[in-house]
Amino acid sequence: MFTRTGLFFEIMKVIKTKREIRQAVQKLRADGRKTALVPTMGALHEGHVSLIKIAKELTDDVIVSIFVNPTQFAPGEDFEKYPRPIEQDIELCRNEGVSVVFTPSREEMYRGTSYISFDVKELGSHLCGRSRPGHFNGVLQIVNKLFNNVPADVAVFGQKDIQQFRILETMADEFDHDIEIVMSETIRAEDGLALSSRNRYLSPEERQKAPMLNEALLSITQKAASDATPTAIVTEQSQKLESNGLKVDYLQIVDYNTLQPVQSLQNGKKYIAAGAIYLGNTRLIDNRIFQI
Ligand code: PAF
């Protein structure tokens, strides 16, 4: 913290190399500072701000990484077109009191041909993983690198991408990453719609219908305690969404740990009700974690 003309301000560093970020974070930790990593692909919005805020509450210094990771885009997905408003992103980080922004180049993160790959196995076989083969393997590849190069105490990820969250939590556990994985709860509009950068693509009529996904997920969690089977509960809600003009990509109840659909629900176990719908061309996802 420095003072100038009586005002407090912090000088935010922008770092582009793995060596420098590692040294910077090691130095912060050696100085007794608790650090948090918030991994992003940039184009920062309110969702990211909420991750940064949680990270700030938990630690002294927040490091935001901004890297559009090519290995998590399938062929035909919009890697080239993905927005990269880097100056705006850096400004947002500065305004949010971030200590370090890590913006490596593609060459810095990937040296060339990769001879070893990740495999999320069945954790990627349902929910979003079904329609995006290879996506989560790419996420693991980059986040593993980030964890190795940004040795922070804590890493914060959003609940909204629950499958990603669970897969990364599992990697950290299985690969003995010395980092605490923290979930940031989904931020919602007043009518319950989960905030997302994609909401801006909705027409006024689609926007009005969009909260129905959250309503369906809430109904699922409420009906879960009844005698109905998970399949019956989910089918009923799917039909309701479809009859209101929402195209259901998936609506499922899965086990929190295995991310596999379940045939029955047991007391005390943790489950996720998750869904993805299309409104026009816009795909929205949401989920609720519950127990009965
Ligand atoms: O959630 C994202 O933005 C990305 O998947 C992540 C975790 C930054 C990895 O590229």
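Every number here is computed from the coordinates shown, using simple stated rules; none is lab data. These numbers come from a predicted model, not from an experiment. All Cβ positions, even for glycine, are placed from backbone atoms using ideal geometry, and neighbour counts span all protein chains on display.
Projecting the Cα positions of Ser264, Ile86, Leu140 onto the charge dipole of the chain (unit charges on Cβ atoms of Lys, Arg, Asp and Glu, taken about the Cα centre) puts Ile86 furthest along the positive direction. Membrane-span-like helices in the chain: DSSP H runs reaching 15 Å or more (Cα, own axis), mean Kyte hydropathy at least -1.0? Span-like helices, by this rule, are 46-58, 135-149, 162-174, 212-223, 230-243. Computed over the Cα atoms of the chain, the ratio of the radius of gyration to the Kirkwood radius (Rg/Rh) comes to 0.99. Among the listed pairs Lys160/Lys270; Lys81/Lys121; Lys56/Lys270; Lys160/Lys247, those with a Cα-Cα distance over 25 Å are Lys81/Lys121; Lys56/Lys270.
Under a model in which nothing but the beta-carbon of Lys, Arg (+1) and Asp, Glu (-1) is charged, the chain shows a dipole of about 420 debye around its Cα centre. Straightening the chain between Asp176 and Asp255 buys 26.1 nm, computed as 0.36 nm per residue apart minus the Cα-Cα spacing. Dipole orientation for the chain: of the candidates Leu202, Met171, Phe118, Phe118 has the Cα lying most toward the positive pole (charges on Cβ; Lys, Arg +1; Asp, Glu -1).
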